[in-house]
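Here is the structure we will look at.
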Amino acid sequence: MSGEPQRTLLLWCPDWPVLAAEIVDGVPATDPVVVLHANRVIACSERARAEGIRRGLRRREAQGRCPHLTVVDHDPGRDVRAFEPVVAAVEEVVAGVEVIRPGACATAARGPSRYLGGEEAAAERIVEHVAQSCAVESQAGIADGVFAAGLAAREGRIVTPGGTREFLAARPVEALGRPALADLLRRLGVRTLGEFAALPAGDVLARFGFDGALAHRLAGGRDDRPLAVRQPPADLTVTADYDEPVDRVDAAAFAARMLAERLHERLAGYGLACTRLGIEAVTAHGQELHRVWRHDGLLTAAAIADRVRWQLDGWLSGSNGRGGTRPARPTAGIVRLRLVPDGVLAQAGLQPGLWGETGEERERAHRALSRVQGILGPEAVVTAVLGGGRSPADQVRLVPWGDERAPARPGPPPLPPAGAAPGAASAPVVVPAGGGAGRRAGRGRAVAEPPWPGRIPPPSPAVVLPTPLPADVRDAAGEPVVVSARLAVSAAPARLTVGDGRPAEITGWAGPWPVDERWWAPVEARRRARFQVSLADGAALLLAVEGGQWLVEAIYD
């Protein structure tokens, strides 16, 4: 908990639930109006109070005192929505506002009092600005701490520094806003906040618990925590309007560079850098165009200008409607261009390399691929992401260039052999003909690598065929090689024929690696086994047998 309370300015809008009903639902607040929650009055208008209605009355009793009463149900969402413009108006005058509840917000009084000419001038300025901007009547109070400032706002007064404890001392215990605690204190003979604050803190904690100890601190003029002010978000968006519609690529490129420099300067002013850029354009016919660009590093002014230029080039050079796969170009020139930094982070300095900029080649490649995307669309350039899966085809996911490189399936990707560079392909793991040891090692390795049992061991094949090729595998006697349900191979594979090609001699093989997928769904169940084979001509293949049919799934390099 904090020590000395902070000098606080609190703005309070009386009868806010009633005003919110007028703002949102059009209920006249000048009429007798009550807001009900759990069949009891929680707020009422001034006309309703003149009829004898008070908070806490039941609905029937309130309607008995005022038959022409307007009843409104309590809606916290409505109160918050209606109060947001008030908070925004306060933030136009002072920085850092904390919303206490709908109808009340607070800010530190030290700053506004310095640049507005004192605490009284600051309070008057905020109340006047809210009235002019939102047409809402409000009252301001200043005291040491949020709780005391709230009570001062109800009277529209400024408590002198250091006089908060005396200001609270004469208040009744009901001012704490805890009806059960106030009733208990009155039955114990404690009627004012001063009497409650005079009690020993340890005895209060032992008798009333933590909430009672918190109320004891408030009664003594101490807050439970400092203000948690809301910082208004910085407006980083830049917009340019053009009197003459821009329909030429060269004019669009010039406009893109000017706007990109403005955006970069604004981001630099806040110590930020952009990683994801939204480009929005509006044509003279009202057509709205939008595209989001992602970048792995930080977008510089030149990088922002390039992406905007590429995107405008892609839009303005689109299809003319006479065929082709390119998107149709706008029917009119661009009259408004808007850049939205969709992803920002703190600017961190990058150490350049000793011989040139770090990652210069990568940046050139990224610029080239991004330009292709701007012309042909984001799906025109894709990269492969390795993930989990049992077959090589399942382990690869193609994602557009610049998008998040997340695997489609969980699980570690196949690892390259020791000493190999990342992504490098190497020869398949095979054993001499006979393969008995290979079967045992292969099955043990696959089972030991959850969560994808049946996955082939590394290295991964270099080429995965989109459509497996039919093959025929025979033994030395010329008989077809079959795999039983218990994974027993009828004979050692000796010759392989792919499609209508010539038979090739098998010099080494390993496997089988069994895969039994979705066995609980008979329609989707799939059972197969895979083999790695090397041929006499130096080629290496990944084979699969399913339903008695041999297939070539992938090729090793």
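The values are calculated or read from the model by the stated rules, or taken from the named source; none is laboratory data. Just so it is clear, the structure is predicted and the values come from calculations on it, not from any experiment. Note: ideal-geometry Cβ built from the backbone for every residue, glycine included; neighbour counts use all protein chains shown. Calculation scope for accessible area: heavy atoms of the full protein, side chains included, ligands and nucleic acids excluded. Shrake-Rupley method; radii C 1.70, N 1.55, O 1.52, S 1.80 Å.
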Whole-Hz Karplus couplings 3J(HN,Hα) for the range 52-62, θ = phi - 60° and coefficients 6.51, -1.76, 1.60, Gly and Pro as x, run x, 8, 9, 4, x, 5, 6, 4, 5, 5, 5
Length gained when the stretch T383-A476 is fully extended (0.36 nm per residue, less Cα-Cα span):
29.2 nm
What do you reckon, how do T300, T497 stack up by accessible area (1.4 Å probe), largest on top?
T300, T497
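Can you figure out the FRET efficiency of A180 with R225, using R₀ = 22 Å and their beta-carbon distance, to the nearest 0.05?
0.45
Go through S317, S138 and list them by solvent-accessible area, largest first, probe radius 1.4 Å.
Values: S317 40, S138 20 Å².
Of S317, S138, the descending order of accessible area is S317, S138.
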Just how large is the dipole of the range 164-285 about the Cα centre, in debye to the nearest 20, putting +1 at every Lys and Arg Cβ and -1 at every Asp and Glu Cβ?
1020
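Whenever you get a sec, compute what percent of the accessible area on the range 1-78 sits on carbon and sulfur atoms (1.4 Å probe). Intermediate results must be reported in sequence, preceding the final value.
Working: 1970 of 4170 Å².
Roughly 47 percent of what the probe reaches on the range 1-78 is carbon or sulfur.
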Provide the per residue accessible area, probe 1.4 Å, for the range 249-308, rounded to a whole number of square angstrom.
47
Compute, for the range 496-557, the length of the dipole vector about the Cα centre, with Cβ point charges of +1 (Lys, Arg) and -1 (Asp, Glu) only. Units Debye, rounded to 20.
200
May I ask for the distance between the Cα centers of the range 244-302 and the range 523-557, given as a whole number of Å?
50
Amide H contacts under 5 Å for L469, placed H, 5+ residues apart
V552
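For a Förster distance of 45 Å, can you work out the FRET efficiency between the beta-carbons of E280 and R101, rounded to the nearest 0.05? Before the final figure, lay out the partial values.
Values: r = 37 Å, r/R0 = 0.81.
Between E280 and R101 the formula returns 0.80.
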Could you give the length gained by full extension between H37 and A88, i.e. 0.36 nm per residue of separation minus their alpha carbon distance, to one decimal place?
15.6 nm
Amide H of I506 versus every other amide H placed in the peptide plane: which residues, excluding those fewer than 5 positions away on the same chain, fall under 5 Å?
R495, L496
What does the accessible area of W401 come to, in Å² to the nearest 10, when a probe of 1.4 Å is used?
60
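Using 0.36 nm per residue of separation minus the Cα-Cα distance, give me the extension gain between R54 and T300 in nm, one decimal.
Values: separation 246, 0.36 × 246 = 88.56 nm, distance 6.17 nm.
Working it through step by step, the gained length comes to 82.4 nm.
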So who's got an amide H within less than 5 Å of the one on V344, skipping anything under 5 residues away but keeping other chains? H placed 1.01 Å off N, in plane.
T275
Which stretch or stretches of the range 261-279 have amide N atoms under 11 Å from the point lying 7 Å from A240's Cα along the Cα→Cβ direction?
261-263
Using a 1.4 Å probe and ignoring any ligands, DNA or RNA, find the accessible area of H285 and quote it in Å² to the nearest 10.
130
For the pair E166 and R110, how long in nm is the line joining their label points, each one 7 Å along Cα→Cβ?
2.4
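Which whole number in µm²/s is D for the range 17-125 by Stokes-Einstein, with the Kirkwood Rh taken over Cα pairs at 4 °C and 1.567 mPa s? Could the numbers behind the result be given before it?
Details: Rh = 15.5 Å.
Result for D is 84 µm²/s.
Listed highest first by mean packing, meaning other Cβ atoms within 10 Å per residue, what order do 484-490, 532-538, 286-292 come in?
Descending packing order for the listed peptides: 532-538, 286-292, 484-490.
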For the range 132-197 and the range 23-58, what is the centre-to-centre distance using only Cα atoms, to the nearest Å?
23
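Calculate the FRET efficiency for Q132 and D247 from the Cβ-Cβ distance with a Förster distance of 45 Å, rounded to the nearest 0.05.
Numbers: r = 43 Å, r/R0 = 0.96.
Efficiency at R0 = 45 Å is approximately 0.55.
Please arrange I23, I100 by accessible surface area, largest first, computed with a 1.4 Å probe and ligands excluded.
Order by accessible area, largest first: I23, I100.
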So what are the ³J(HN,Hα) numbers for the range 150-159, from phi and the Karplus equation (6.51, -1.76, 1.60; θ = phi - 60°), rounded to whole Hz, Gly and Pro as x?
x, 5, 5, 5, 5, 9, x, 10, 10, 7
